[in-house]
1. Have a look at B:227, B:181, B:127 and point out the one that is surrounded by fewer than 21 Cβ atoms within 10 Å (Cβ to Cβ), away from DNA strand C (no atom under 11 Å from the Cβ), in the same structural domain as residue B:86 (by TED's automatic domain parsing) and more than 21 Å from residue B:110 (Cβ to Cβ).
2. Return only the number of the condition from (1) polar (S, T, N, Q); (2) closer than 30 Å to residue B:200 by Cβ; (3) modelled with pLDDT under 95 that residue A:220 does not satisfy.
3. Considering only residues that are surrounded by 20 or more Cβ atoms within 10 Å (Cβ to Cβ), of a type in the set (Gly, Ala, Ser) and near DNA strand C (Cβ under 9 Å from one of its atoms), which ones fall in the range A:194-221?
4. Within the range B:60-90, count every residue that is within 14 Å of chain A (Cβ to nearest Cβ) and among the small types (Gly, Ala, Ser).
5. Would you point out which residue out of A:189, A:168 is in contact with a Leu (Cβ under 7 Å, 6 or more places away or on another chain) and within 16 Å of DNA strand D (Cβ to nearest atom)?
6. Scanning for something closer than 20 Å to residue B:84 by Cβ and more than 8 Å from DNA strand D (Cβ to nearest atom), does the range B:231-241 turn up at least one residue?
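The values are calculated or read from the model by the stated rules, or taken from the named source; none is laboratory data. Quick caveat, the model's predicted, so the values are computed rather than measured. All Cβ positions, glycine included, derive from the backbone under ideal geometry; neighbour counts span all protein chains shown.
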Number of protein chains: 2
Amino acid sequence: MANYCTNHEWKGRADCAHCGIRQLMLFSGLPESGFTELLQPIDNHLYSAGASLYEEGVRGQTVYSIRRGLLKLLYRTPDGSQRIVRLHGKGITIGLELLDANVAYHHTAVAVEDVDACAIPLATLKNLQARFPSLCDKVRQQLQQQVDRADQWIKDLNTGVAWSRVARLLLLLRELGADRNGDIELLPREDMAAVVGVTTETASRIVADFKRRGLLLKVTGNTYRCNAQQLDQLLTETGVSTG
Amino acid sequence: MANYCTNHEWKGRADCAHCGIRQLMLFSGLPESGFTELLQPIDNHLYSAGASLYEEGVRGQTVYSIRRGLLKLLYRTPDGSQRIVRLHGKGITIGLELLDANVAYHHTAVAVEDVDACAIPLATLKNLQARFPSLCDKVRQQLQQQVDRADQWIKDLNTGVAWSRVARLLLLLRELGADRNGDIELLPREDMAAVVGVTTETASRIVADFKRRGLLLKVTGNTYRCNAQQLDQLLTETGVSTG
DNA sequence: CGGTAAATTGACTGCTCTCAATTTACGTGG
DNA sequence: CCACGTAAATTGAGAGCAGTCAATTTACCG
């Protein structure tokens with residue numbers, strides 16, 4: 001099982017007005033003046049891979065806006081393993097379920113690579129939302145996007161035979177986390193398995209097979225170049241059943 | 001494959017102010033005056049089982065608030081079958097993805113039993129939302145609920161061996177559609193299969209087995225009494241694997 | 001260079017799919 | 001009300017995919 005420590009580093013007070021990726025973030029579109037009189041400060045945190053941002057069932061008071069890195073939303077299963085229901089990267093705000101009164105986080109959020117996130121106090125969000133109705137629409141868009149991703153997750157990563165699910169996961173990783181060369185960091189096999197709903201061994205066999213077939217080429221360390229075109233072709237050619 | 005006709009009946013102008021289940025609906029909490037000067041009327045429709053409310057990819061202008069009945073949200077697969085990603089009943093509003101400018105419906109929505117729904121023109125919703133900021137929160141809650149259901153769907157209905165998925169589906173049907181006796185209408189096996197991601201034959205075998213073991217008792221026609229307690233017990237006793 | 005965790009692989013079992021046949025349910029016309 | 005036709009559900013047999021358990025190899029860290 002993975003290590004669910006909560007190691008993270010405080011990176012300082014966030015400077016939303018000058019955020020480099022502001023156009024992506026929850027607060028895009030708000031006038032800069034909105035940030036001068038915040039009830040509570042927004043802090044910038046760095047979570048190293050394996051660190052958890054929050055735990056399912058905890059009555060938190062913070063939502064997180066992801067600036068960089070990839071994290072997983074998961075449920076713990078009775079047998080101590082995990083079921084991953086979402087992967088999120090830059091631009092996504094998680095923990096919005098807290099906007100419903102008196103609820104706890106619905107998932108556990110764990111960084112799968114180093115994550116840079118802004119911790120927004122719930123009170124601040126509510127305050128800003130009351131002052132700037134346009135923020136309401138931003139929140140709606142965030143949730144809509146998360147519904148969409150959940151549905152795609154079901155359709156693409158939880159349908160069909162195992163190898164096709166893994167193939168689609170690789171393509172998703174390319175969308176979410178590809179560097180400028182289009183190369184991706186492979187997830188630990190245990191995580192891949194928890195994404196697509198198979199055993200770790202099965203995930204490993206499929207990845208190893210993709211490597212042998214040249215669909216995945218090692219670049220350095222855990223970085224691989226994946227032949228997206230060929231993967232796509234495999235997925236469309238083969239009438240992939242529900243297997 | 002199921003029959004995707006669009007047979008439905010116009011039930012007349014909706015009377016939101018006196019809606020019997022208003023407290024559940026999208027417009028709960030709005031002052032009655034809000035409904036007197038609607039730009040466009042809200043109509044009440046009756047969709048018979050098998051009728052589709054809307055189709056994936058269509059640029060519609062209507063969201064639907066479900067008053068009664070059960071419907072499925074699905075994707076069509078390349079081979080002509082369906083992958084069901086959600087079941088929704090009373091109190092849910094679907095089609096909210098249209099609130100994002102210039103998008104089409106994300107799924108196909110098909111009634112699995114007779115459905116009574118209010119067709120709300122997008123313009124009306126936007127208009128009311130501008131006038132009553134509290135509606136914004138209602139929309140958020142709707143979307144949050146749909147995220148939650150999608151995540152539960154992944155965890156409960158798309159994880160583990162086939163029989164446990166079907167068992168959980170039966171329990172879900174009890175929550176969504178049980179009559180006052182706690183009895184449920186079984187879905188067609190093809191639909192069950194499209195929910196849990198197995199073949200129709202496998203779904204059928206499992207249901208038949210549940211019947212033989214007395215976990216499902218025929219009441220009348222397609223109405224069955226399901227022994228929820230025993231199903232729960234089976235699910236918790238057995239360390240159900242990812243199989 | 002050892003030690004530990006992760007990844008891979010092997011052997012075997014068992015579950016689910018496939019393809020096909022049968023049975024059952026149900027609506028229609030007689 | 002019954003015979004019939006069609007669709008749905010069930011069942012069977014066999015093949016193949018994925019799970020289980022265990023061993024081995026590889027990667028990584030100090």
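1. Working: B:227 fails: in the same structural domain as residue B:86 (by TED's automatic domain parsing); B:181 fails: in the same structural domain as residue B:86 (by TED's automatic domain parsing).
Matching residue, one of B:227, B:181, B:127: B:127.
2. Single failed check for residue A:220: (2).
3. Hit for the range A:194-221 is A:203, nothing else.
4. Quick first cut of the range B:60-90, residues within 14 Å of chain A (Cβ to nearest Cβ) only: B:63, B:72-88.
From what's left, among the small types (Gly, Ala, Ser): B:80-81.
Adding up the residues that qualify gives 2.
5. On the way: A:189 fails: in contact with a Leu (Cβ under 7 Å, 6 or more places away or on another chain).
When all the criteria are applied, what remains is A:168.
6. As a first pass, look at the range B:231-241 and keep what is closer than 20 Å to residue B:84 by Cβ: none.
No; the residues of the range B:231-241 include none that is closer than 20 Å to residue B:84 by Cβ and more than 8 Å from DNA strand D (Cβ to nearest atom).
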